[in-house]
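The values are calculated or read from the model by the stated rules, or taken from the named source; none is laboratory data. Source: prediction; values computed, not measured. Neighbour counts run over all protein chains shown; Cβ positions are idealised from the backbone, glycine included. These accessible areas exclude ligands, DNA and RNA; they are computed on the full protein's heavy atoms, side chains included. Shrake-Rupley method; radii C 1.70, N 1.55, O 1.52, S 1.80 Å.
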Amino acid sequence: DDVPLVGSAVFNEHAVPWFPRKVTDLDTFAEKVLEMGEELSSDHPGANDPVYRRRRLEIVQRAKEYRTGQPLPRIEYTQEEKDTWRQVYTRLRAMYPKYACREFLHVFPLLEQNCAYGPDVIPQIEDISRFLKDCTGFTLRPVMGLLTPRDFLNSLAFRVFHSTQYIRHHSDPYYTPEPDCCHELLGHVPLFADPNFAELAQEIGLASLGASDEDIEKLATIFWFTAEFGLCREGQDVRAYGAGLLSSFGELEYALTEKPEKRSFDPSLTAVQKYPITQFQPVYFVADSFRDATSKLREFNSTMRRPFQVRYNPYTQSVEVLDSK
Ligand code: HBI
Ligand code: FE
């Protein structure tokens with residue numbers, strides 16, 4: 001590799017899984033999608049709709065060709081796609097004041113003012129990425145579909161979030177078996193504009209660089225119970241900050257009832273919690289704050305065995321590898 005190790009951080013390169021050292025290394029993920037990249041699973045509502053499949057392919061082709069530094073693809077959405085967005089947007093937007101965390105509610109109007117968030121148009125990730133960069137340094141990249149947990153988490157170390165641009169099938173506006181632009185733009189994007197959440201997300205990413213497969217599984221589980229399904233305390237109240245909740249009106253309402261179990265966020269326990277992926281969660285984890293969650297996560301990460309440490313250098317957008325002491 002052309003990036004020298006710093007100090008005496010010498011480790012057997014073959015024992016450590018490859019990881020990106022500079023932001024342009026993320027280009028190597030472009031064609032590596034798990035499933036549904038160009039194909040659709042049989043339970044996808046659009047699986048038997050040739051028009052939908054062709055349209056989705058057209059959009060993911062732009063993601064496949066994208067490279068670091070280029071302007072992000074601008075998609076001209078069809079009226080049918082915009083109608084789907086309007087239904088999802090309108091229903092969720094009305095719920096946020098009651099269920100979403102304070103940080104989300106602070107950012108949302110800024111997205112409406114700066115990035116054309118609203119019921120009528122589907123916002124463009126180029127505009128959103130510029131806005132996020134101003135707020136926290138986070139940027140977006142287009143992606144064809146699900147990445148491996150390792151690749152997906154690794155990109156967070158660079159404050160890069162992979163975002164799909166296609167939208168769910170119009171036959172079922174309130175359901176999608178895979179991430180789509182409603183999930184990314186309504187669920188994830190607002191929190192990446194918050195400095196404390198951005199730090200939490202990057203911390204998960206940094207811990208994932210060169211991590212063992214077992215540790216990747218733990219970090220993916222932590223991501224699941226924070227960025228996807230996290231709840232947080234606000235005084236006597238509990239609110240949602242996870243994107244899986246903030247992009248699903250059914251689960252958003254359910255999560256904040258007495259039905260599911262709620263435990264305090266504790267990385268060593270959260271990391272090994274089992275979870276279903278196709279039903280509402282039986283257990284949620286509640287964070288005291290993003291800062292508290294980040295400091296607990298740092299402590300947990302220091303117990304993971306890795307023969308080196310990493311530090312992100314924002315000036316060069318690269319990862320420095322350091323001796324583990
Ligand atoms: N890939 N594009 C994309 N989006 C995700 O949200 C995502 C992923 N790959 C893996 C993954 N999420 C989960 O395993 C996380 O828990 C890491
Ligand atoms: Fe997600």
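Using the heavy atoms of the protein chains alone and a 1.4 angstrom probe, what is the accessible area of the chain per residue in square angstrom? Could you put the intermediate results ahead of the total?
Details: 15030 Å² over 325 residues.
On a per-residue basis, 46 Å².
Report Rg(Cα)/(2.2 N^0.38 Å) for the stretch 62-157, keeping two decimals.
Details: Rg = 14.9 Å, N = 96, 2.2 N^0.38 = 12.5 Å.
So the Cα radius of gyration is 1.19 times the expected 2.2 N^0.38 Å.
Among the helices of the chain, those built from whole DSSP H runs whose Cα atoms reach 18 Å or more along their own axis and whose mean Kyte-Doolittle hydropathy is at least -1.0 are 102-114, 195-208. Rg/Rh for the stretch 260-314 (Cα atoms only, Rh after Kirkwood) is 1.07.
Based on the Cα atoms of the chain, what semi-axes does the equivalent ellipsoid have, where each is the square root of 5 times one gyration tensor eigenvalue, given in whole Å with the largest first? One finds semi-axes of 30, 24, 18 Å for the chain. Comparing mean-square fluctuations of L153, L256, L246 from a GNM of the chain with C-alpha springs under 10 Å, the top value falls on L256. Phi angles across the stretch 236-246 convert, under the Karplus curve 6.51 cos²θ - 1.76 cosθ + 1.60 with θ = phi - 60°, into 3J(HN,Hα) values of 7, 9, 10, 10, 9, 10, x, 5, x, 7, 6 Hz, Gly and Pro given as x.
Whenever you get a sec, compute what percent of the accessible area on the chain sits on carbon and sulfur atoms (1.4 Å probe). Within the chain, the accessible surface is 50 percent carbon and sulfur.
For the chain, build the charge dipole from Cβ charges (+1 Lys, Arg; -1 Asp, Glu) around the Cα centre, then report which of L186, A63, G46 sits farthest towards its positive end. Highest projection toward the positive end goes to L186. Pairwise alpha-carbon distances in the stretch 200-325 exceed 16 Å for 62% of all pairs. Each DSSP beta bridge with both residues in the chain is either parallel or antiparallel, and the antiparallel ones are about 50%.
Short-range pairs are left out: with C-alpha atoms under 8 Å and at least six residues apart, the relative contact order of the stretch 51-202 is 28 percent.
Express in whole angstrom the spacing between the alpha-carbon centres of the stretch 277-325 and the stretch 118-173. With the stretch 277-325 and the stretch 118-173 each reduced to a Cα centre, they are spaced 21 Å.
In this model, which of K22/K133; K22/K218; K218/K274 are farther than 19 Å apart at the alpha-carbon? Working shown, then result.
Working: K22/K133 17 Å; K22/K218 24 Å; K218/K274 10 Å.
In this structure, K22/K218 exceed 19 Å between Cα atoms.
For the stretch 213-254 versus the stretch 59-103, the inter-centroid distance based on Cα atoms is 20 Å.
Normalised by residue number, the volume inside the convex hull of the Cα atoms of the stretch 173-218 is 102 Å³ per residue.
For the stretch 101-235, compute Rh as the Kirkwood radius over C-alpha pairs and then the Stokes-Einstein diffusion coefficient at 4 °C and 1.567 mPa s; write the answer in µm²/s, rounded to an integer. Don't jump to the answer; show the numbers that get you there.
Values: Rh = 15.5 Å.
It comes out at roughly 84 µm²/s.
So, counting K/R as plus one and D/E as minus one, what does the shell of residues with Cβ under 9 Å around P45 add up to? Value of the local net charge: -2. Every helix of 4 or more DSSP H residues in the chain counts as -39500 (n - 2.57), and over all residues that averages to -11500 deg cm²/dmol at 222 nm. FRET efficiency for the pair F280 and S324, taken as 1/(1 + (r/R0)^6) with r the Cβ-Cβ distance and R0 = 35 Å, rounds to 0.30. Over the stretch 10-126, all Cα pairs binned in 5 Å intervals from 0 give whole-percent P(r) values of 2, 8, 12, 14, 16, 15, 16, 8, 4, 3, 1, 0, listed from short to long. Taking max minus min of the alpha-carbon positions on each principal axis, the stretch 130-192 gives extents of 37, 25, 15 Å, largest first. Each label point was placed 7 Å from the Cα along the Cα-to-Cβ direction; for T316 and D213 their separation is 3.2 nm. Solvent-accessible area of K22, all protein chains in place: 70 Å² (probe radius 1.4 Å, heavy atoms, ligands and nucleic acids excluded).
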